[in-house]
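The values are calculated or read from the model by the stated rules, or taken from the named source; none is laboratory data. The model shown is predicted, which means the values in this text are computed figures rather than measured ones. Cβ: placed from backbone, ideal geometry, glycine included. Neighbour counts: every protein chain shown. Quick note on the areas: whole protein, heavy atoms, side chains included, nothing else; ligands and nucleic acids left out. Shrake-Rupley method; radii C 1.70, N 1.55, O 1.52, S 1.80 Å.
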Amino acid sequence: MTPAPATPVLSIRGLTVRAERDGQPGQTLVDDVSFDLAPGQVIGLIGESGAGKSTIGLAALGYSRPGCVITAGSVLYKGGDIVHMTERERQLLRGADIAYVAQSAGASFNPAHRLLQQVCEIPIARGLAAPAKARENAIGLFQSLDLPEPQRFGGYFPHQVSGGQLQRAMAAMAMAASPAIVVFDEPTTALDVTTQVEVLAAFRRLIQSHGTAAIYIAHDLAVVAQLADRIMVLRHGKMVEYGDTRDILERPRQPYTQKLVRERTRKFAAAPGAERDERLLTLRNVSASYKSFRNVVHDIDLDVDRSDTFAIVGESGSGKSTLARVIVGMLPRQSGMLELAGETLPASFKERTREQLRRIQLIYQMPDIALNPHQTVYETIARPIQFYFNPPKDEVRAQAEELLRQIELPLEFMTRKTSMLSGGQKQRLCIARALAAKPDVMICDEATSALDPLVAEEILELLRRLQTTHRMGLVFISHDLGVVRRFCNKVIVMKRGAIVDGGAIEKVFAPPLHEYTALLMSSVPQMRPGWLDETLRARSQKQTDAIAQSAA
Amino acid sequence: MSLAVDRAAEHHDTLAQRVRRVPLPALIGLAVIAINIVVAIGAPLIAPFGQSEIAGPPYNPPDGAFLLGTDAIGRDMLSRIIYGARNTIGIALMTTLLSFFLGAGAGFVAATAGGWVDQILSRAVDVMISIPKLIFALMILSILGASIPTMIITIAVLDSTRIFRLSRSLAINVNVLDFVEVARLRGENTFWIVRKEILPNVTAPLLAEFGLRFTFVFLFISSLGFLGLGIQPPAADWGSMVKDNSTLITFGSLIALAPALAIAILALAVNFVVDWAANLTSGLKD
Amino acid sequence: MNWGGRTLINVLAPRIVLAVLTLFIISLVIFFSVELLPGDTAEAMLGHDATVEALATLRRELQLDSPAYVRYWRWIIDLLHGDLGKSLSSGRAVSDLLAQRLPNTFFLAGFAALISVPLSFVLGVITALYRERAVDRGVNFVALAASSLPDFFVAYALILIFSVHLGWVPPISIISPESSLAERLYLTGLPALTLTFATSAYMLRMTRASILSLLSSPYIEMARLKGVSSGRVIVGHALPNALGPIANVTALTLAYLVVSVVVVETVFAYPGLGQLFVDSVSKRDIPVVQVVAMVFASTYIVLNLVADMVALAANPRLMHPR
C-alpha cells in the first residue's frame, strides 16, 4: 500500500457521460466521477452491470461507445485534457501511453492476423521500436506471462489458442509499447475459476514489474481486491464509496458496500427436511454424448430427495449442463437408468407423457433468451397452467396472480412484454413459469451466474423460500463453489463428464479434500487482499512437494 | 437494458411524432405506393379509354384528348399505363404472395423438423437457387406458352428459394433460443411452436424481405414483358409497352419512356420503404 | 463457426459435387420440359401450319420414335462430344452459332466487369469510411435508385442521351467478326455502361454493408482503443476480414452479369448469346434454346462455385486449422 504521491499520472475530474439517441440526450451513464491515479498505482472499479464502470474505463482513453457522449468533466493526462483533444491526438496517446485490455479476448483479437503481428502493431506503426526489437519484446512478454512456447506462440491465429492464453496475449498487446497506464476491463470474467487464478497472477506480475499504473474493472469485489491498491464502488453511474482496499473490505461505510462485502459470507437456512423424505430422482450408470463426441457424460449415479438442494459443480466443459439436458430428455441418454419417483423415464422428452414433463422443470442461465420477447408476462405464466391443468379462465388468472405475488413482482407487470423487464425480474418470471407446472424437481442450470451478485442473492433467497413452500427438490448446477457451499446440502463434482467427488456438503468440503475439489475451492476468490498470494504460494509449495516426491 | 427504456418511451409518441421520424424518401415511397394501389384498383374509373381500345390515329402526339399521345395502333398511352398498373402490379403481388407461401412454409418446416426433412429441402433449394432465373423462366415460358398462371407459378417457384433460405435461417436462429426449448419440453406441438414462439420473432425481417422480393418479381415480370414473354397483348403491361414503343425512343420521344419510368418509380418507392424498414428492424436488434 | 479439423478439400469437395449434380439436374429439366408439350412434340414445336414433310423431317431429326431417356442419353453424350445439334429455323449447326456469339457475350460481360468491379469496390470502401456523411448518403441514394431501375430503362435512357441527343455513339451495337478492338470498345460502350449500372449498385451496397458490419465488431473497437489510425482500422483490420464476403459478392454479381446480358443485348441488338437466346425463344427453336440455356446455366453455376470457394478460402479458421 503506497501513499498517493503528489503528481498523479491520470486525473479524472467530474466525469459525466450520457447516452444519446438521435441527438437527444438520454440516461446518465456516469455521473460526476473523480479520482487520481498515481504512477504504479492500481485502482479498482467495482459495481453491477449498468454501474458505469466500463464507461469510465473507456473514458480514460478518451473513448465513448457509439450512442454515448462525454458531456462534462475532464481526463487529465500529462497536463492535457484527453476529452478536449482532437481525435488524432487521442489516437496517438492510445496504445503508447494508455492501453486497454478487453473482457472478451476471443472477440477482441482480429481473426485475420497472427497474434505476434497484432501485439507488435502499435510499437512498429508508431516507430517506437524496430520490427525485430518489437518482436523480441513481445516474445519476452509472452515468456513473462507464462505462455507456452513463447518463441512460436505469436505465430498462431487467435482461434488456435485457448481463452486463458488469449486473455494473457491481450495483456501482452497492451504492454507492448510500455504504456504508463493500462485499463483492464473485466479481463477474467469469461474465464474458468482455475484459469482465472493464473491469469490474475500473470497480470499482477506484469504491472508490478513494469511499474505500470492500472484501472482494474470487475463486478467481483474479491477479484479486484487482489490487484487494487484503492477501490471505488459505483452504482447507477455514481460513486458510492472510495477508499483503500483494506478499508473497503474491512470497514465499509456505505450500506451498499457492506452488502457487497457480506454477499459471499451469508449462509442460507437449510431447506426443511420432509418428515417422511421421498426419493425423487435416481440416476444409475447414465451415459450420453452428442454426435460430435464432445460434451460427453458417462457413468453418472445420483439420488435427489424431495428435501434436497443438490449441487452439480464443475468447470466449463465438465458436462454439468449436459447432465441437466439428459435428465430433462433434450439429450437422450444412451445407457443407464433414470427414474422419477420410482417411475422410469423414457430417454427422450418426445416419448415422455405430459405428466412426466410437468414434474421436472428447468431454469436457464440466460433469462433474456429463456423468455419470448413478444409475449406478455401473463401469457408466459398462463400457458403452462392452461397446458397442464386447463382450469376455467378466471382460475388461470387467479393462479397467475398468485404466482406473480410469490415471485414478488407487482401485478401491473401482467400486461408488460417480457422484453421490458430487467435481468433479475426476467429470472423471477422464468421461475414463476416453471412453478406454474407445480413440479417435483426444479433444475437450475447456472441460474444465477449471469446476474449481478446482489440480484443473484435475492434469486437464491427466493428459490429457497419457494422450495420450502412448494416442497420440491432443487438441482443446482453451478461453477461457483462459494454459492454451492452456502446454498446446497449435497454435491457432486464433475470433471470431463464424470463424477470425481460427491456427498454431503459438509463432508465434501471438509478435509481431507479430493485433489480436484481442493483445486476448485482454492480458486474461488476470497474477500481478502492476501488470498491470491496464499493460493499461489500453496500451489507452488504443492508443486515443489510433488517434484521432491517424484525425485525421492 | 437501455433498450427497454427506449421502447417504453416510444409508446408515448403521438402519431404525428412517429410520422415525423420517418425519413423523407420513405415517406415519398409510401405515397407513391399508395397512389399506385389506388390507380391499380380504380383503373376502369380513372382511365379515359379502355386498355385495348383503338381510340385515335397511330402515333398521335400528346394533346388535350390523349395526354400522353397514342401508340403504333392508336391506343391511348395514358389509359394503357393506368391499366398496366393493375396488370403488372397485380400479377407481381400474386406471384410474391405465392412464392412467400411456398418459401416461408417450407423454410419453417425445415427449421423446426430438422434431420432428413431439412436435408432434402435444403439440398433441393441449393440446386434450384443456382439456376439462372431469367434463362429458366424464358425457356419454360417458350415451351409451355406465356399464359399468366404458368408465369405466376414458374416465377413463384424459382423465387421461393431465397425466401426459403431466409425464413429457414431466421427460424433456426429463434429455434435454438431457450424459450423455444421451454415450449418443447412443456410438450407443445410443432405447429403451436411455429405460430406462437417463432413467427412473432421473425415477422419484421420477413416483411422487409417481402418488399425486396416484390420489387424483384415486379422488375422480372417487366423484363419478361419487354422480351415478349410476359403478360400477353392486348392486355396492357408496362414491360411490353416499352418494347412496343422502343422505335419511338430512337426518334427522341420521351413519351415512349413513360411506362419504363412508371416501373422505375414504383420499384424505387418500394426500395425506399424497405431500406427504411430494414434500418428500423436492425436498429431494434442491438 | 467451428470447422473442427476439416481441411479446405473436405469443405470444397461436397460443393463441387453439388455443382455437378445441379448441372445434371438442370440438363434433365431442360431436356424433359420439352416433353411437357401437349400433343405431338414436332407439331407443337413447328406450329399447326407446318407441312407434313417438315413434321416428318423434324420427327426423324429428334428421333421421336425412341423413348425419352434414350434421347436424353444421346443428347447429353453428343453435348459432351461437342455435337450441339442443328437449329430448326436456320438449319445451321448450333456449335457454329455459339462460336460466333459466345465470345461476343464474354467480351461484353468482361468489359462491364472491368469497370464495375473496381468501381463498386472503391465506392464501397469510401462510403464505409465516410458513413453517414454527404458522400455516403449521395452514393447510397444513387445506388438504391440504380438497383430499382429495370435494365431496359437504363439502356434507353443512355441511348436517348448519348445517341439521340449527343450523337456520340450509334443506338445499336452491331459488331462483326472483322471489327477491331477499338471499334468493339466504341460500339459496346453503352451496353457495358448499362450493365455496370445494373451490377455496381448491388456490389457497392454489399461491400459497404460487409465493412460496416465488421466495424461494429469488438476487435475493431479494440483496434481503435489500441490507437490504430482510422484509415488503418479500415484497411488493415476490417478489409482483410471483409475480403471473403466481398469476393463472394463479386463472383455472384458476375454470374448475374452473364445472365442480365439477355435484356441488354436485345435492346442494343448486340450479336451475343443473349440475343440468340431471345430470338430462339420467340421462334421456338428448341434445340438452340436448350443448348444456350445449358451454356448460361453452366457459366452461372461455375461462377457461383468460384464465389463459394473464394469465401471459404478467405476464412483463416479453414486455412489455419487448430
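Taking the criterion of being touching a strand residue (DSSP E or B) at 6+ places or on another chain (Cβ under 8 Å) and open to solvent by less than 50 Å² (accessible area, probe 1.4 Å), the residues of region A:383-429 that qualify are A:414, A:418, A:427. Every condition in (1) modelled with pLDDT under 90; (2) buried (at least 20 other Cβ atoms within 10 Å of the Cβ); (3) of a type in the set (Gly, Ala, Ser) holds for residue A:269 except the one numbered (2).
Residue by residue, here is whether (1) at pLDDT 85 or above; (2) open to solvent by 40 Å² or more (accessible area, probe 1.4 Å); (3) part of a helix (DSSP H, G or I); (4) more than 8 Å from chain A (Cβ to nearest Cβ) holds:
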| residue | (1), (2), (3), (4) |
| --- | --- |
| C:178 | no, yes, no, yes |
| C:190 | yes, no, yes, yes |
| C:195 | yes, no, yes, yes |
| C:243 | no, yes, yes, yes |
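When C:262, C:233, C:310, C:295 are screened for being assigned to a helix (DSSP H, G or I), among the hydrophobic types (A, V, I, L, M, F, W, C) and within 14 Å of chain A (Cβ to nearest Cβ), only C:233 passes. How many residues does region C:155-176 contain that are small (Gly, Ala, Ser) and modelled with pLDDT under 85? The number of residues fulfilling the criteria is 4.
The C-beta contact set for region B:175-189 (first residue more than 7 Å from every other protein chain (Cβ to nearest Cβ), second residue open to solvent by less than 20 Å² (accessible area, probe 1.4 Å) and polar (S, T, N, Q), distance under 6 angstrom, 6+ apart or interchain) is empty. In this structure, does residue B:244 turn out to be away from chain A (no Cβ under 14 Å), acidic (Asp, Glu) and in contact with a Gly (Cβ under 7 Å, 6 or more places away or on another chain)? Against the criterion (away from chain A (no Cβ under 14 Å), acidic (Asp, Glu) and in contact with a Gly (Cβ under 7 Å, 6 or more places away or on another chain)), residue B:244 does not qualify.
Have a look at A:511, A:525 and point out the one that is part of a loop (DSSP other than H, G, I, E, B) and either more than 22 Å from the chain's Cα centre (by Cα) or among the acidic types (Asp, Glu) (or both).
A:511
In region A:107-129, the condition of being within 25 Å of residue A:224 (Cβ to Cβ), within 9 Å of chain C (Cβ to nearest Cβ), open to solvent by less than 40 Å² (accessible area, probe 1.4 Å) and in contact (Cβ under 8 Å) with a residue 24 or more places away in the chain is met by at least one residue. Can you tell me which residue in region C:126-159 is nearest to the other protein chains (Cβ to nearest Cβ), limited to those that are free of Cβ contacts under 8 Å to residues at least 60 places away in the same chain, small (Gly, Ala, Ser) and closer than 30 Å to residue B:251 by Cα? So the residue we want is C:148.
Residue check: is residue A:13 in a helix (DSSP H, G or I) and among the basic types (Lys, Arg)? Considered against the rule, which asks whether it is in a helix (DSSP H, G or I) and among the basic types (Lys, Arg), residue A:13 comes out as no. For region A:333-363, filtering for residues that are touching a residue at least 40 places away in the same chain (Cβ under 8 Å) and more than 13 Å from every other protein chain (Cβ to nearest Cβ) leaves 10.
So, of the residues in region B:116-154 that are of a type outside the set (Val, Ile, Thr) and outside any helix (DSSP H, G or I), which turns out to be farthest from the other protein chains (Cβ to nearest Cβ)? Residue satisfying both the conditions and the ranking: B:147.
Each row is one residue, and each column tells you yes or no for (1) open to solvent by less than 10 Å² (accessible area, probe 1.4 Å); (2) farther than 17 Å from residue A:258 by Cα.
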{"residue": "A:190", "(1), (2)": "no, yes"}
{"residue": "A:211", "(1), (2)": "no, yes"}
{"residue": "A:215", "(1), (2)": "yes, yes"}
{"residue": "A:231", "(1), (2)": "yes, no"}
{"residue": "A:239", "(1), (2)": "no, no"}
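Only a single item in (1) open to solvent by less than 50 Å² (accessible area, probe 1.4 Å); (2) within 14 Å of chain A (Cβ to nearest Cβ); (3) among the β-branched types (Val, Ile, Thr) is not met by residue B:231, and it is number (2). Being within 13 Å of another protein chain (Cβ to nearest Cβ) and buried (at least 20 other Cβ atoms within 10 Å of the Cβ) is true of residue C:201.
Can you confirm whether region A:83-95 contains a residue that is within 8 Å of chain C (Cβ to nearest Cβ), assigned to a loop (DSSP other than H, G, I, E, B) and buried (at least 20 other Cβ atoms within 10 Å of the Cβ)? Among the residues of region A:83-95, at least one is within 8 Å of chain C (Cβ to nearest Cβ), assigned to a loop (DSSP other than H, G, I, E, B) and buried (at least 20 other Cβ atoms within 10 Å of the Cβ), which makes the answer yes.
Do we have any residue at all in region A:63-71 that's in contact with a strand residue (DSSP E or B) (Cβ under 8 Å, 6 or more places away or on another chain), of a type in the set (S, T, N, Q) and free of Cβ contacts under 8 Å to residues at least 60 places away in the same chain? For region A:63-71, residues in contact with a strand residue (DSSP E or B) (Cβ under 8 Å, 6 or more places away or on another chain), of a type in the set (S, T, N, Q) and free of Cβ contacts under 8 Å to residues at least 60 places away in the same chain: present. The single residue among B:68, B:27 that is surrounded by 15 or more Cβ atoms within 10 Å (Cβ to Cβ), free of Cβ contacts under 8 Å to residues at least 12 places away in the same chain and either under 15 Å from residue B:86 (Cα atoms) or not polar (S, T, N, Q) (or both) turns out to be B:27.
For region A:364-378, taking the residues that are buried (at least 23 other Cβ atoms within 10 Å of the Cβ) and either facing chain B (nearest Cβ under 10 Å) or without any contact (Cβ under 8 Å) to a residue 24 or more places away in the chain (or both), the one that is farthest from the chain's Cα centre (by Cα) is identified as A:372.
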